[in-house]
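This report concerns only the one structure given below.
Quick note: the coordinates plus some simple rules give every number you see, no bench work behind them. What you are looking at is a predicted structure, and each value in this text was computed from that prediction instead of being measured. FYI the Cβ positions are ideal-geometry reconstructions off the backbone, even for glycines, and counts take in every protein chain you see.
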Amino acid sequence: MFRGSLVALVTPMKSDLSIDYDALSALVDWHIESGTHGLVVMGTTGESSLVSVDEHVAVVKAVIEQVDKRIPVIAGCGSASTSKAVELVNQLNQLQPDGFLCVTPYYLKPTQNGLYAHFSAVADACEAPLILYNVPGRTCCDLADETVARLSSHPKIVAIKDATGDLERAKNLIEKVPGFIYLSGDDATALDFMALGGHGVISVTGNIVPKEFSQFCDLMAKKQPESTQKAKELFNRINSLNSALFVESNPIPVKWALAKVGRMEPYLRLPLTQPEPASQQVIQAAMQQSAVI
């Protein structure tokens, strides 16, 4: 179920900063038509930390209903507080998502034993499989490989989104914990990650080029020299987006880019703001280079 291009979906907003459910529904249909293999809703890219719990649940519900079982829907459930994450899971369970994504607790810097206890408690509450999410560059909290190995024995914990960008570490983890599902969380290194044995990508870039990103993942999954070469060529055509969409904090650039092609309005909630003019030039140049505009 968790393979290929799993797009970390943005949350469209109106000028009054309410959720734009019409734009959200249109995005969902566009992704399905483009071959996106699954959607991750209310993750970091979806501004999950900037919406209320009621909005969080409502957005997940809207996406699940719009998808109507055509592709998997993975619901973000991360929180710095274990009890709050469990409470959120309990609400989301009623919507029957296909999976959950839980980021490491940010700011608190718990020990590895604390991380093991945190993810175990969240997984115990999940009625669907749970994907671990390690992104130390944003959380200042690193889930050690040994802790991932321990957590992999939990019946509900089936995968990890690895956004470290450390390919040597990814290689070692894939070898150390066979049978686990490995998903890249770093678009810039996604090609090499999948070549090492990764199963897919939870992608920001896939928001802008869903067809190309799903095709890239399909080609890499074949593990044949000819298809791998085609995947590399396709990846190189869109690779400028992988850096440009992180020229400022995600999801600032990707929402601006989607607005540029008329998929939604560019609004974000504070403290996120519109990209600076210099950043806009970088994003636009990458979109032109990738033939998005």
Ascending count of other beta-carbon atoms within 10 Å, so fewest first, for Ile208, Ile283, Ile293: Ile293, Ile283, Ile208
For Ile157, other-chain or 5+-apart residues with amide H closer than 5 Å (H placed, Pro excluded) are Leu130
Listed with the fewest Cβ neighbours within 10 Å leading, Glu212, Glu226 appear as Glu226, Glu212
Across region 174-184, in residue order, what do the Karplus-derived ³J(HN,Hα) couplings come to in whole Hz, using 6.51 cos²θ - 1.76 cosθ + 1.60 with θ = phi - 60° and x for Gly and Pro? 4, 6, 6, 10, x, x, 7, 9, 10, 10, 6
Which lysines, if any, have their Cα less than 26 Å from the Cα of Lys222, not counting same-chain residues under 8 positions apart? Lys69, Lys161, Lys171, Lys176, Lys211, Lys230, Lys232
Going by C-beta contacts inside 10 Å, put Leu234, Leu27 in order with the fewest on the left. Leu234, Leu27
Provide the gained length on full extension for the span Leu272 to Asp54, in nm with one decimal, where the gain is 0.36 nm per separating residue minus the Cα-Cα distance. 76.4 nm
Work out from phi, with θ = phi - 60° and the Karplus expression 6.51 cos²θ - 1.76 cosθ + 1.60, the ³J(HN,Hα) of each residue of region 28-43, listed in order in whole Hz, and give x for Gly and Pro. 4, 5, 4, 5, 5, 5, 8, x, 3, 7, x, 10, 9, 10, 6, x
Which residue, Asp218, Asp187, Asp22, has the most motion in a Gaussian network model of the chain that connects Cα atoms within less than 10 Å? Asp22
Charge-dipole axis of the chain as Lys and Arg at +1 and Asp and Glu at -1 on Cβ define it, positive-most pick from Ala149, Val73, Val40: Ala149
For the pair Ala26/Gln289, report the inter-label distance in nm, with labels modelled 7 Å from Cα in the Cβ direction. 2.9
Mind telling me which of Asp142, Asp16, Asp98 comes out most flexible in a GNM of the chain, alpha-carbon contacts under 10 Å? Asp16
Using modelled backbone amide H atoms (1.01 Å from N, in-plane), which distant-in-sequence or interchain residues come within less than 5 Å of Ala8's amide H? Val40, Ser203, Val204
Based on the alpha-carbon gyration tensor of region 4-238, what equivalent-ellipsoid semi-axes (square roots of 5 times the eigenvalues) come out, in whole Å, largest first? 25, 24, 15
Whose amide H sits under 5 Å from the amide H of Tyr133, counting only residues 5 or more places off or on another chain, with H placed in the peptide plane? Cys102, Thr104, Lys161
Give, as a single signed number, the net charge of other residues whose beta carbon lies under 14 Å from the beta carbon of Leu17, with Lys and Arg counted +1 and Asp and Glu -1. -2
